[in-house]
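Down below is the structure, laid out as C-alpha cells.
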Amino acid sequence: MTSSTETAGTARAAETTLAELERRAAARRDRPSYGHDALIACDRVVRIFTTDGVEVQALQGLDLLVTEGELMALVGASGSGKSTLMNILAGLDVPTAGSAKVAGCDLLSMGPKERLRYRRDVVGFVWQQTARNLLPYLSAIQNITLPMQLRGGGNKRERAARAESLLAMLDIADCRDRRPQQLSGGQQQRVAIAVALANNPSVLLADEPTGELDSATGEQVFAAFRRANEELGTSIVIVTHDQAVANEVRRTVAIRDGRTSSEVLRRTEVDAATGQESQVAREYAMLDRAGRLQLPADYTQALGMEHRVLLELEPDHIGVWPDAHGAPEDGPAEGAPEK
C-alpha cells in the first residue's frame, strides 16, 4: 500500500519535471532565431536543378551567416555550389528549399517586382567577365549614372557627383569619359565596382572578379574592394580561386558538395616583446544546423576513416575514431575508449 508521503513525493517530482519542461520550452521560444542579427542568413538552403529528367542537387542544406560591414571570400572547387549560391544571393535564382535572407529581404517569397527592386537597391554585382559588367557604347561615368537613372533617384547633377566620387575613391577619375574598350581590364573592373556601388547597396557580390586579370592587376582590383568596404561600410562577398585574394580577407569560407565545409579566420597579433605584427590564420570545420560535420579529406585518409566512425562524448570535446573492425557487432575500434 502506497503511503501519503510517497504519493506526495511522486507528485512533487511530477511537478518539478513539468516545470522543467515548461522552462525549457520557454527558453526555446525566447531564443533568437538563426541569423537574426546577420545581414546575410542562409539556413539549410537547397537548390535542385533538373536536366533531361535527372535531378542535380547543387546546394545540399547550406548554412551561411555574413555580418554587416564584413569583407569575406568564398572558395571551393568547380561544381561545389559557389556560383549557385551567388546567383541566389543576387536575386537571379530562387532556392528549392530552406531559407535565405539578405538585409531583411526574404529571397524565397519575393515577387517579380520585389525581386527587381532588390536587385536594383539592395545588392550590387560584379561578374568575372569584364565585358559583361559595362555597356560598351557608354562612357565610364555614363555606366555609373545609369543605375541611378533607372532607380529614379536624384537629379542629373547629384548623379554625376555620386559617380565622380566613386571614380575618385577607386582611383580611376581619369577614366571618367572613356568607353570600356579604351580601358584596361583592371580599369574596367574598377569601373564595374563603381557601377555596382552606384545605388549604395547593402551588399556587393563579386564572382571571380580577378579571374581574367594578372596578379598585379588583381591586387589593384582587390584594393578597390577593400577601399569600398572601409570607406562606405558596404558588406562584400567575393567568390575566388585566387589564394592571394582569399588570404587578404579576415574570413574565408570553403564550400564543398553544396555545403559550407570549413572556415579560415585571420587576425593580426602583436608580439609583446618586439612590437612586430604578424597575421595568424586558423582553420575551423563547419558544424551545420543539422549537426553535420565535414572532416578534411587529409584527416580521414590518414586515419583510414570511411563510411562510418565511432563517437565518444567527453567533458570538453567529442572524440572521433575510425571503425577499424568494419561491423558494429565487433565492438569499439582500436584506440577508442572502453565503455
Problem - Label-point separation, Gln181 to Tyr284 (7 Å along Cα→Cβ), nm - result: 5.0 nm
Handout entry: Dipole of region 142-291, positive end: most advanced residue of Ile172, Val203, His241 [Cβ charges, Cα centre]
Key = Val203
Problem - FRET efficiency, 1/(1 + (r/R0)^6) with R0 30 Å, evaluated for Ala97 and Arg308 via beta carbons - result: 0.65
Handout entry: Thr67-Glu231 pseudo-label distance in nm [points 7 Å out on the Cα-to-Cβ vector]
Key = 2.5 nm
Completion exercise
Answer in debye to the nearest 20: the dipole magnitude of the chain about its Cα centre, from +1 Lys/Arg and -1 Asp/Glu charges placed on Cβ, is 2020 debye
Practice task
Please report the base-10 log of the normalised intensity I(q)/I(0) for the chain, using a Debye sum with one equal scatterer per alpha carbon and no solvent, at each q in 0.09, 0.10 (1/Å).
Solution key: -0.64, -0.75
Handout entry: Rounded, prolate or oblate (a/c below 1.5 giving rounded, otherwise prolate when a/b exceeds b/c) for region 103-227 by Cα gyration tensor
Key = oblate
Problem - Share antiparallel - DSSP beta bridges, the chain, percent rounded to 5 - result: 70 percent
Practice task
Normalising by the residue count of the chain, find the relative contact order in percent from Cα pairs under 8 Å and 6+ residues apart.
Solution key: 17 percent
Handout entry: region 187-331: C-alpha gyration tensor shape, a/c 1.5 cut-off, then a/b vs b/c
Key = prolate
Completion exercise
Env charge @ Glu212, Cβ radius under 15 Å, K,R +1 / D,E -1, value -3
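Taken together, the values in this text are just the output of simple stated rules run on the coordinates, not laboratory data. Keep in mind it's a predicted model, so treat the numbers as computed, not measured. Backbone-built Cβ (ideal geometry, glycine too); neighbour counts: all protein chains shown.
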